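Every read-out reported here was derived from the displayed coordinates using simple, explicitly stated rules and does not represent laboratory data. Just so it is clear, the model here is predicted, and its values are computed rather than measured. Note that each Cβ is placed from the backbone with ideal geometry, even for glycine, and that neighbours are counted across all protein chains shown.
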Amino acid sequence: MQWKSIIVLVAVATLAVAACSSADAADPGDVTFDVELVEIKGATDGIPAPEVDPTTLSKGYGYKAPGEYEAENPEKFQVATYMFAPGAMGVVTGDNVTLRMFGVNGDEHQIFVQAPDGSTVVDPFTINRGREVTVAFEADQAGHYKLICTTHGPTMTADILSNG
């Protein structure tokens with residue numbers, strides 16, 4: 001009975017090592033992500049307005065104060081934020097990454113891509129509402145690449161995680 005347990009344990013351990021090894025050995029390839037630039041809005045009159053104007057916290061936030069948002073309901077206010085969708089993506093180190101981006105909201109976005117070491121891997125470019133822009137880079141470093149909109153930063157960012 002004891003030998004059977006040992007054999008089962010060894011078999012399970014072997015399968016676990018094989019599974020981890022195959023995941024780590026994923027070959028680099030070509031990866032394309034469709035990324036939308038969107039603005040999310042929400043309005044309410046059911047809670048007190050924020051004490052601090054959100055636009056003072058980030059260029060990526062919007063705010064219409066009570067009375068400004070809806071004249072006939074002076075307690076109703078609106079908040080908004082810009083974001084990339086998706087906000088997180090994953091690649092294998094060595095992948096050729098293509099970002100096909102479409103501006104849904106916001107008249108203009110100034111964007112660049114930053115590597116894990118802080119260098120710029122895609123120089124700044126502009127996306128306007130209703131326009132599609134495609135950029136590409138090689139994810140040659142392990143770690144977090146950042147897609148950054150300087151127009152609506154510091155909150156409008158997306159992460160592209162490159163495994164090592």
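The table for this structure:
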| read-out | value |
| --- | --- |
| Alpha-carbon Debye profile of the stretch 27-74, log10 I(q)/I(0) at 0.15 Å⁻¹ | -0.56 |
| Positive-end residue of 135, 122, 84, charge dipole of the stretch 69-138 with Cβ unit charges | 135 |
| Estimated Rh, the stretch 68-139: Kirkwood, alpha-carbon pairs, angstrom | 14.9 |
| Segments 37-43, 110-116, 141-147 sorted - mean Cβ within 10 Å per residue, highest first | 110-116, 141-147, 37-43 |
| For peptides 46-53, 87-94, sequence by mean Cβ density within 10 Å, most packed first | 87-94, 46-53 |
| Largest-first principal axis extents of the Cα set of the stretch 17-121 (Å) | 63, 33, 24 |
